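A short worksheet on the structure shown next.
The values are calculated or read from the model by the stated rules, or taken from the named source; none is laboratory data. What you are looking at is a predicted structure, and each value in this text was computed from that prediction instead of being measured. With ideal geometry, Cβ positions are generated from the backbone for all residues, glycine too; neighbour counts draw on all protein chains shown.
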Amino acid sequence: MSVNVLFSARPELWPVYQPLLEKGLNQAGLNFHLATDIEPDQVDYIVYAPNGGLLDFAPYTRLKAVLSLWAGVENIAGNETLTVPLARMVDHGLTQGMTEWVVGHVLRYHLGMDQHITVQDGVWIPDAPPLAPERRICILGLGALGEAAARALATLGFDVTGWSRTAKDIPGVRCLHGDTGLRAALSQAEIIVLLLPDTPATTNTLNAETLALLPKGARIINPGRGPLIDDDALLSALNSGQIGHATLDVFRVEPLPTDHPYWAHPKVTVTPHIASETRPATAAQVICDNIARGEAGKPLLNVVNRDLGY
């Protein structure tokens, strides 16, 4: 019997993913039908992106699982018509891309590179940065992306603290959790990286109260989700000097409107949601591996906890 796989994403992605998915499914030894148009009651798996247009899963009565191409699932996790397992994208290509971006911007702040790149004023100020063990970094969120970034920074010798909702244990990283742990993590963070999911519990994690806990002049890096930060509170903290600089890759509204104050603020670096992209070759293999697991009766990997939203 054929396994019917529906591809539901932006049309321009189909010619990219089709040969990669066909290759992976063939390598898995599956008899399959992969297409962008299959009768709903015949679909076994949906390869899915929220911007592909599919919102109502009720007609897909034979559906076994939805396999997301995105790491973030906030746009689908609350869909009441989706009653089968939802797997988010955890892909080593995406993880490596995020790790490289985070490490790059942490090093940029750590070494004071902005001053030397943008300020060529003829003034000789030989201030050398501290060594990595003397720089305190905090990673908020220790999922696959956060853990990878924390490990990489710890390998470089940074003093790394990680915070998560529940207790974690990562060699070389001081792991804290819960409300008390969050306050402790923030109170010593010279550079803070946000890699939390977007859920009701994480909205405005950085707000006026929590920003005030950071050491004066702390730097913020947000490649996670826009709603993690209260924008007004951050702008106020930047203007007062409580926060020294912020590098922001994600926003509540994207593209970031041209009149948004972040664009013109001298203490904000805006990057256009490029911290990490899903890499089709590796993402397709993740999808195919999960379909093979499902057909073999094995548990799917990276299944979303619908109550928690990630």
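Take residue 114 and decide whether it is in the same structural domain as residue 178 (by TED's automatic domain parsing) and assigned to a loop (DSSP other than H, G, I, E, B).
Considered against the rule, which asks whether it is in the same structural domain as residue 178 (by TED's automatic domain parsing) and assigned to a loop (DSSP other than H, G, I, E, B), residue 114 comes out as no.
Select from region 224-277 the residues that are acidic (Asp, Glu) and either within 23 Å of residue 114 (Cβ to Cβ) or touching a Ser or Thr at 6+ places or on another chain (Cβ under 6 Å) (or both) and list them in ascending order. Even if it seems obvious, please write down each step before you answer.
Step one: of region 224-277, the residues acidic (Asp, Glu) are 230-232, 249, 254, 259, 277.
231, 249 - these are the residues of region 224-277 that are acidic (Asp, Glu) and either within 23 Å of residue 114 (Cβ to Cβ) or touching a Ser or Thr at 6+ places or on another chain (Cβ under 6 Å) (or both).
Are any residues in region 139-183 over 16 Å from residue 99 (Cβ atoms) and either touching a Ser or Thr at 6+ places or on another chain (Cβ under 7 Å) or part of a strand (DSSP E or B) (or both), and if so, which ones?
Within region 139-183, 159, 161, 163, 164, 174, 175, 176, 177 meet the criteria.
Check region 286-301 and report whether any residue there is in contact with a His (Cβ under 8 Å, 6 or more places away or on another chain) and either within 30 Å of residue 33 (Cβ to Cβ) or not hydrophobic (A, V, I, L, M, F, W, C) (or both). Walk me through it before giving the result.
Applying the first criterion (in contact with a His (Cβ under 8 Å, 6 or more places away or on another chain)) to region 286-301 yields none.
No: zero hits.
Across region 1-22, which residue is surrounded by the fewest Cβ atoms within 10 Å (Cβ to Cβ) among those that are under 27 Å from the mean Cα position of the chain (by Cα) and among the polar types (S, T, N, Q)?
Restricting to residues being under 27 Å from the mean Cα position of the chain (by Cα) and among the polar types (S, T, N, Q), the top hit is 18.
Determine whether region 23-41 contains at least one residue that is β-branched (Val, Ile, Thr), buried (at least 17 other Cβ atoms within 10 Å of the Cβ), over 24 Å from residue 145 (Cα atoms) and modelled with pLDDT of 95 or more.
Looking only at region 23-41, we keep the residues that are β-branched (Val, Ile, Thr), and these are 36, 38.
Filter again for buried (at least 17 other Cβ atoms within 10 Å of the Cβ), leaving 38.
Adding the requirement that they be over 24 Å from residue 145 (Cα atoms) leaves 38.
Checking the rest, the ones that are also modelled with pLDDT of 95 or more come to 38.
Yes, there is a match, as at least one residue in region 23-41 is β-branched (Val, Ile, Thr), buried (at least 17 other Cβ atoms within 10 Å of the Cβ), over 24 Å from residue 145 (Cα atoms) and modelled with pLDDT of 95 or more.
Consider region 271-310. How many of its residues are within 16 Å of residue 87 (Cβ to Cβ) and either within 14 Å of the chain's Cα centre (by Cα) or in contact (Cβ under 8 Å) with a residue 24 or more places away in the chain (or both)?
Here the count works out to 23.
Take the conditions at positive phi, touching a Pro at 6+ places or on another chain (Cβ under 6 Å) and surrounded by fewer than 18 Cβ atoms within 10 Å (Cβ to Cβ) and apply them to residue 112. Does it pass? Step through it out loud before you land on a result.
On the way: at positive phi: yes; touching a Pro at 6+ places or on another chain (Cβ under 6 Å): yes; surrounded by fewer than 18 Cβ atoms within 10 Å (Cβ to Cβ): yes.
Yes: the conditions hold for residue 112.
Given the conditions (1) part of a helix (DSSP H, G or I); (2) among the polar types (S, T, N, Q); (3) at pLDDT below 95, report the number of the one that residue 305 does not fulfil.
(1)
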